[in-house]
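Have a look at the structure below, then the notes.
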Amino acid sequence: MAMELSASSGDPQTLESERHGSPSSDDCCEFSVAVAGGPGVGKTVLIQALLGLNENSQHSRAASLHPTRGEGPLLYLHPSHPGLTLWELPLEDGSPENWISEADLLLLVTDTQFSHTHVKFAESALALGKKVCLVRTKVDCDLHTLKRRMKDWYRREDVLLTLQAVTLQPFSGLKKENFPRVFLVSCFEPRKLDAPGLKEEIEKTSIECGRPLSLAQQGYEIIGDKEIEELQSALERGGISEMVRFIQTSLDTLLDTRFNLALMGGNSDFRHSLLNALRGVRDGEDGSAHGGNPETPIEYPSLKYPKASLWDLPVMGELESQPKKYLESVHISHYDLTFLHLTPWQDVSDSYTSLVSELKKEGRKVFFIQECEGDVVESMQGGGGRDKEVFVLFPSKLPGPEFHRLLGCAEKQLPSHKCRALILSLPNISAEVIQKKKEALSQEIWKVALLSSLVASVPVPGVGIVCDMSLLTARLDTYRQELGLDASSLASLSHSSGVPVAELMSEVHSPAGKGVTRELVGKLLGSATGLGLEIAGVILHRFPLLGHLTSGGIAFHASYLVLSRCLEAMSEDAQRVLARATASD
């Protein structure tokens with residue numbers, strides 16, 4: 001059963017604004033669904049389906065937050081969207097009554113007819129003002145059995161209506177206005193029956209609660225199976241200290257990733273203009289690439305991400321007939337990607353054919369760049385024939401659709417940590433780039449939050465949690481710089497766009513976007529305690545890596561909320577700043 005939750009076609013925040021006024025960003029972060037039923041009715045399969053997973057999905061283990069089936073609820077967190085929490089509750093012994101008050105929506109699940117116990121729990125939830133939905137699972141099995149038995153008398157629509165009526169019979173005593181809706185779902189036909197309707201009902205309820213779901217995949221894996229296993233191993237091997245060391249090392253590796261992009265071929269003016277545009281500087285400015293062809297590779301560090309560099313490579317020159325020796329001389333193995341500038345007369349030359357052939361032998365990924373749409377590039381002949389498309393770029397008009405197409409292709413060729421470095425090295429030249437930066441930065445949030453909670457040392461006044469505020473403050477300030485909201489970035493953008501700094505700063509609305517201080521972080525942590533923090537200890541207690549860190553779990557939850565909310569708000573600031581800077585273009 002594989003069903004994905006996604007935002008409705010309409011803007012849920014807009015819909016909610018029309019009904020209740022504009023909700024703050026803090027009100028749209030956490031939504032919990034309690035899934036209660038007896039053993040063997042398919043609760044786990046249903047939850048995996050609502051998470052968009054199946055038992056073979058790479059994220060299915062990472063999504064599950066329970067190490068063993070002990071007492072209390074079993075909790076699941078979406079691997080990319082922790083704001084959606086699903087609880088698997090047992091039905092016996094009245095245990096769900098202790099947890100219903102924490103849920104926004106209760107799903108009562110059965111694979112036969114509902115019982116009076118189900119009715120009792122539904123009444124308890126309705127009395128608390130909670131939304132209740134009834135779910136009958138394994139309907140495909142019922143349909144298969146009835147079709148075999150009824151033979152010519154079988155009518156699918158009539159059978160479904162009968163199943164619905166039989167399933168709901170115990171609820172007949174409820175008042176009409178409280179009568180919950182029943183959804184018939186299948187294990188093998190996730191896009192049929194009532195599965196899409198259940199998805200829509202959950203999304204509708206999230207909007208009504210002022211916390212609309214937005215579960216589109218980001219493209220960046222948050223917590224993978226391998227990291228889950230490594231963290232668990234570290235915890236078992238050396239306790240909390242070893243776990244802290246492992247997380248810090250993992251985070252350092254992520255933050256210290258180097259990325260090198262080489263530009264070669266063509267005329268030097270085009271290469272230098274492209275280099276400058278990719279670094280966010282104008283031709284002729286201090287530090288810009290200029291001059292003729294270099295004799296040796298020249299490094300131009302990224303202004304946004306210090307671990308990334310762009311390189312201007314010399315032309316083949318005397319080594320034109322020796323492409324392998326040329327590639328050795330420019331240390332081609334040092335670069336993660338290579339952009340090869342083509343001109344019509346060079347493209348068809350024997351030296352370029354041999355160069356491309358040698359690059360392919362080396363296993364180097366090359367993207368072909370052309371500067372003029374009017375230059376028709378013919379296919380090269382021989383073993384080095386180019387079988388990749390050409391990207392037409394105009395350095396003075398970046399980004400443009402061709403640039404985004406090139407960026408998308410480059411991302412597919414890089415491992416996730418290299419892709420992150422590439423994205424963060426770029427200036428804020430488009431809304432798409434800013435969005436990709438936000439997604440790349442979100443990749444590290446869980447590690448920062450977990451590290452902060454494990455090395456917790458500074459109590460927040462008035463808040464029953466502790467966390468390392470220095471770490472949170474430093475990371476939020478880094479996000480601010482990487483999204484171009486710091487004074488230096490705004491001044492540079494003002495200089496290049498001609499828009500006064502004051503006008504650009506007026507588009508920065510979030511407190512963190514205006515400046516990050518320990519006092520602000522403490523205030524944000526305090527406000528985070530009011531939203532779902534009551535269950536945070538349970539969530540992290542059930543997380544297999546943090547089974548002994550209930551109080552640390554609360555700190556983790558608060559840290560995660562602060563980091564993710566501030567990143568979201570600052571990315572929106574960056575979008576507005578860019579729109580203001582380019583409004584007159």
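The values are calculated or read from the model by the stated rules, or taken from the named source; none is laboratory data. Given the structure is predicted, the values throughout are model-derived calculations rather than measurements. With ideal geometry, Cβ positions are generated from the backbone for all residues, glycine too; neighbour counts draw on all protein chains shown. Accessible surface is based on the protein model in full, side chains and every heavy atom, while ligands, DNA and RNA are left aside. Shrake-Rupley method; radii C 1.70, N 1.55, O 1.52, S 1.80 Å.
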>> What's the total number of residues in the stretch 564-580 that are of a type in the set (D, E, K, R), open to solvent by less than 30 Å² (accessible area, probe 1.4 Å) and within 13 Å of the chain's Cα centre (by Cα)?
In response: 0
> What are the residue pairs meeting all of these: first residue in the stretch 113-132, first residue in contact (Cβ under 8 Å) with a residue 60 or more places away in the chain and closer than 13 Å to A103 by Cα, second residue among the hydroxyl-bearing types (S, T, Y) and open to solvent by less than 10 Å² (accessible area, probe 1.4 Å), Cβ atoms under 7 Å, and 6 or more apart or on different chains?
Replying inline: K131/T205
> Is at least one residue of the stretch 120-127 open to solvent by 10 Å² or more (accessible area, probe 1.4 Å) and either within 20 Å of K199 (Cβ to Cβ) or of a type in the set (V, I, T) (or both)?
Replying inline: no
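A quick yes/no check of all residues on (1) surrounded by 13 or more Cβ atoms within 10 Å (Cβ to Cβ); (2) more than 23 Å from K397 (Cβ to Cβ); (3) among the aromatic types (F, W, Y):
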{"site": "E299", "(1), (2), (3)": "no, yes, no"}
{"site": "S302", "(1), (2), (3)": "yes, no, no"}
{"site": "D312", "(1), (2), (3)": "yes, no, no"}
{"site": "V315", "(1), (2), (3)": "yes, yes, no"}
{"site": "H331", "(1), (2), (3)": "yes, yes, no"}
{"site": "D336", "(1), (2), (3)": "yes, yes, no"}
{"site": "T353", "(1), (2), (3)": "yes, yes, no"}
>> Here's a check for you: in the stretch 525-541, which residue that is over 22 Å from the mean Cα position of the chain (by Cα) and modelled with pLDDT of 50 or more is nearest to W446 (Cα to Cα)?
In response: L525
>> Among the residues of the stretch 415-454, what is the count of those that are under 20 Å from C566 (Cβ atoms) and not basic (K, R)?
In response: 21
> Which residues, counting only those in the stretch 271-300, are out of contact with any helix residue (DSSP H, G or I) (no Cβ under 7 Å at 6 or more places or on another chain) and among the hydrophobic types (A, V, I, L, M, F, W, C)?
Replying inline: L275, L278, V281, I298
> Taking into account only those residues within the stretch 459-471 that are open to solvent by 60 Å² or more (accessible area, probe 1.4 Å) and part of a loop (DSSP other than H, G, I, E, B), which is modelled with the highest pLDDT?
Replying inline: P461
> Taking the stretch 412-423 only, how many residues are in contact (Cβ under 8 Å) with a residue 24 or more places away in the chain and either touching a Lys or Arg at 6+ places or on another chain (Cβ under 6 Å) or farther than 18 Å from L274 by Cα (or both)?
Replying inline: 7
> Looking at R364, R386, which is the one that is at pLDDT 75 or above, assigned to a loop (DSSP other than H, G, I, E, B) and in contact with a strand residue (DSSP E or B) (Cβ under 7 Å, 6 or more places away or on another chain)?
Replying inline: R364
>> Looking at the stretch 367-375, can you tell me whether even one residue there is modelled with pLDDT of 75 or more, within 24 Å of the chain's Cα centre (by Cα) and either of a type outside the set (D, E, K, R) or not in a loop (DSSP other than H, G, I, E, B) (or both)?
In response: no
> Do we have any residue at all in the stretch 542-562 that's at pLDDT 75 or above and farther than 26 Å from A421 by Cα?
Replying inline: yes
> For residues in the stretch 253-270 being under 29 Å from L441 (Cα atoms) and in a helix (DSSP H, G or I), which is least open to solvent (accessible area, probe 1.4 Å)?
Replying inline: L254
> Mind checking whether some residue in the stretch 111-126 is under 21 Å from R156 (Cβ atoms), among the acidic types (D, E) and at pLDDT below 85?
Replying inline: no
>> Any residue in the stretch 165-191 that is polar (S, T, N, Q) sitting within a Cβ distance under 7 Å of a residue that is modelled with pLDDT of 75 or more and part of a loop (DSSP other than H, G, I, E, B)? List the pairs, counting only those 6 or more apart or interchain.
In response: T167/Q113; T167/F114; Q169/Q113; S186/L193
